[in-house]
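Here the structure is laid out as structure tokens; the discussion comes afterwards.
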Amino acid sequence: MAGSSKKVYEVFVSKIPWTLASKEMKDYFGQFGQVKKCLVPFDKETGFHRGFCWIGYTSEEGLNNALQKDPHVLEGSTLQVQRNRKVFLGQKTNKEVVETS
């Protein structure tokens with residue numbers, strides 16, 4: 001079963017409106033497949049997210065479904081969605097990363 005796999009198929013999403021949080025992102029991208037993770041980096045100094053996130057799917061099908069839809073529009077803003085090319089390592093900086101599962 002694909003859900004038991006440890007592999008995560010990720011998309012990188014940018015141009016996220018400030019009014020959206022990780023829950024809304026996970027809910028929206030959940031329509032394309034089962035979301036395993038949603039990483040939204042926040043700036044500790046401002047308290048706002050940084051305008052981008054990573055969405056991880058449990059299957060390649062979810063990833064491909066999300067990439068096929070164009071455009072992605074939330075709250076009047078067009079999101080940029082692309083296949084994630086780099087593995088997010090979660091390096092320690094002064095930025096905080098919030099993961100929902």
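Going by the structure shown, is Thr46 in a loop (DSSP other than H, G, I, E, B), within 17 Å of Gln80 (Cα to Cα) and open to solvent by 30 Å² or more (accessible area, probe 1.4 Å)? Against the criterion (in a loop (DSSP other than H, G, I, E, B), within 17 Å of Gln80 (Cα to Cα) and open to solvent by 30 Å² or more (accessible area, probe 1.4 Å)), Thr46 does not qualify.
On the stretch given as region 3-20, residues that are open to solvent by 30 Å² or more (accessible area, probe 1.4 Å) and farther than 11 Å from Phe52 by Cα total 8. Within region 21-35, the set of residues being closer than 15 Å to Phe52 by Cβ and either surrounded by fewer than 20 Cβ atoms within 10 Å (Cβ to Cβ) or free of Cβ contacts under 8 Å to residues at least 24 places away in the same chain (or both) comprises Ala21, Ser22, Glu24, Lys26, Tyr28.
One residue stands out among those in region 49-60 that are part of a strand (DSSP E or B) and either farther than 20 Å from Val73 by Cα or aromatic (Phe, Trp, Tyr) (or both): the one that is least open to solvent (accessible area, probe 1.4 Å), which is Tyr57. Within region 10-43, being more than 16 Å from Thr78 (Cα to Cα) and assigned to a helix (DSSP H, G or I) holds for Ser22, Lys23, Lys26, Asp27. The residue of region 64-77 that is most open to solvent (accessible area, probe 1.4 Å), among those that are within 13 Å of Tyr28 (Cα to Cα) and in contact (Cβ under 8 Å) with a residue 40 or more places away in the chain, is Glu75. Only residues that are within 10 Å of the chain's Cα centre (by Cα) and of a type outside the set (Val, Ile, Thr) were counted in region 4-22, giving 4.
The values are calculated or read from the model by the stated rules, or taken from the named source; none is laboratory data. From a predicted model like this one, the values you see are computed outputs, not experimental measurements. Please note: Cβ atoms are built from the backbone with ideal geometry, for glycine as well, and neighbour counts cover all protein chains shown. Ligands, DNA and RNA are stripped out before the accessible areas are found, and what is left, the full protein with its side chains, is counted by its heavy atoms. Shrake-Rupley method; radii C 1.70, N 1.55, O 1.52, S 1.80 Å.
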